[in-house]
Amino acid sequence: MTRHSFALVASDTPEAQEAKARLEARYGIASVDEADVIVALGGDGLMLETLHRFMERSAPIYGMNCGTVGFMMNQYEEEGLAERVAAAQQVTLHPLRMHADTVGGGKADALAINEVSLLRESRQAAKIGITIDGVKRMDELICDGIMVATPAGSTAYNLSAHGPIVPLGGQLLALTPISVFRPRRWRGALLPAHAEVVFEIHEAAKRPVSATADFTEVRDVARVTVREDQSVDLNLLFDPEHNLEERIIKEQFQP
């Protein structure tokens, strides 16, 4: 069994900070620049922050739940941490890349691990046209918003908007509307992972829309392009009995 050096990062909560101090005292921890594995202590929010923070590094991330939901985290245990990290199974995710053009002529790029979401900024509903791989699929969606979610993100905001849970190996993205007014019965679509989605904002000055890629928000967008960026690898480690694929399947049978 291969031994790894690991570094610790933790959320600001007292529980996570106390856990970090105990583990540092017990194991002797490497710096984040030198470690083979980064151990994240917190909840799913911290996992997203950690993935973004170390996106340019090849070190995989092993999360332990010291937060609330912890869907992307392993169970917190102090015993046998080195052995658990060595025995963990790796899952590689690819983020979404968002390119946004604003009404004022600005441009912005950002990466999203969970989803890219478009939301109305005012009391008036958004009017959005949808093109997929160069083909206009919907002339005008009247709604509060719409999102493109990855399989890993399909159990987050996408699920609360009644979007489908996507199996991790399904090579699919979920296109999910938020509070649709017209067309009334449209509930979204499943797209190939390689699809390029373009959103055109109609009446953008009168009906302003923001676009958000995880933590990055761009206000007053006119056009947003979303696609999976397979040049970026995000490596997560899971205990064999608590792998992410099993969790995504299990989530579909929750009451």
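Throughout, read-outs are computed from the coordinates displayed, never taken from laboratory work. Computed from a predicted structure; not experimentally measured. Glycine also receives a Cβ, built like all others from the backbone with ideal geometry; neighbour counts cover every protein chain displayed.
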Charge-dipole axis of the chain as Lys and Arg at +1 and Asp and Glu at -1 on Cβ define it, positive-most pick from Gln90, Thr216, Ser31: Thr216
The range 173-249 versus the range 70-148: alpha-carbon centroid distance in Å: 4
Packing-based exposure ordering (other Cβ within 10 Å, fewest first) of Val226, Val180: Val180, Val226
Nonlocal amide H pairs with Gly63, under 5 Å, H built at 1.01 Å: Ala40, Asn74, Leu237
The chain: calculated mean residue ellipticity at 222 nm from DSSP helix runs of at least 4, using -39500 (n - 2.57): -4500 deg cm²/dmol
Potential extension, Ala86-Glu196 segment - 0.36 nm per residue separation minus Cα distance: 35.9 nm
Estimated distance in nm for a label pair at Gln254 and Glu34, the labels positioned 7 Å out from Cα along Cα-to-Cβ: 4.0
Footprinting exposure proxy for Ser5, Ser117 (fewest neighbouring C-beta atoms within 10 Å first): Ser5, Ser117
With eigenvalues of the C-alpha gyration tensor scaled by 5 and rooted, the range 96-228, Å: 21, 16, 13
Dipole magnitude of the chain about its Cα centre (Cβ charges: Lys, Arg +1; Asp, Glu -1), debye to nearest 20: 1220
Which of Gly105, Leu159, Val69, positive extreme of dipole for the chain (C-beta unit charges): Gly105
Sites Gln171 and Lys107 - FRET efficiency at Förster radius 30 Å, r taken between beta-carbons, to 0.05: 0.55
Only Lys, Arg (+1) and Asp, Glu (-1) charged, at Cβ; the range 8-76 dipole about Cα centre in debye: 140
For the range 151-235: rounded, prolate or oblate by the Cα gyration tensor [a/c cutoff 1.5]: oblate
For the range 222-239, 3J(HN,Hα) per residue [Karplus equation, 6.51 cos²θ - 1.76 cosθ + 1.60, θ = phi - 60°, Hz, x = Gly/Pro]: 10, 8, 9, 10, 10, 8, 6, 9, 7, 7, 10, 9, 10, 10, 10, 10, 10, 4
Long-range Cα-Cα pairs in the range 28-89 (distance over 12 Å), rounded percent: 67
Placed amide H near His202: partners under 5 Å, 5+ positions off or other chain: Lys127, Ile128, Gly129
Rounded to the nearest 20 debye, dipole of the range 96-228 from Cβ charges on Lys, Arg, Asp, Glu: 460
Out-of-range pairs (alpha-carbon distance over 28 Å; input Lys107/Lys127; Lys127/Lys250; Lys107/Lys136): Lys127/Lys250
Sites Tyr27 and Val232 - FRET efficiency at Förster radius 25 Å, r taken between beta-carbons, to 0.05: 0.25
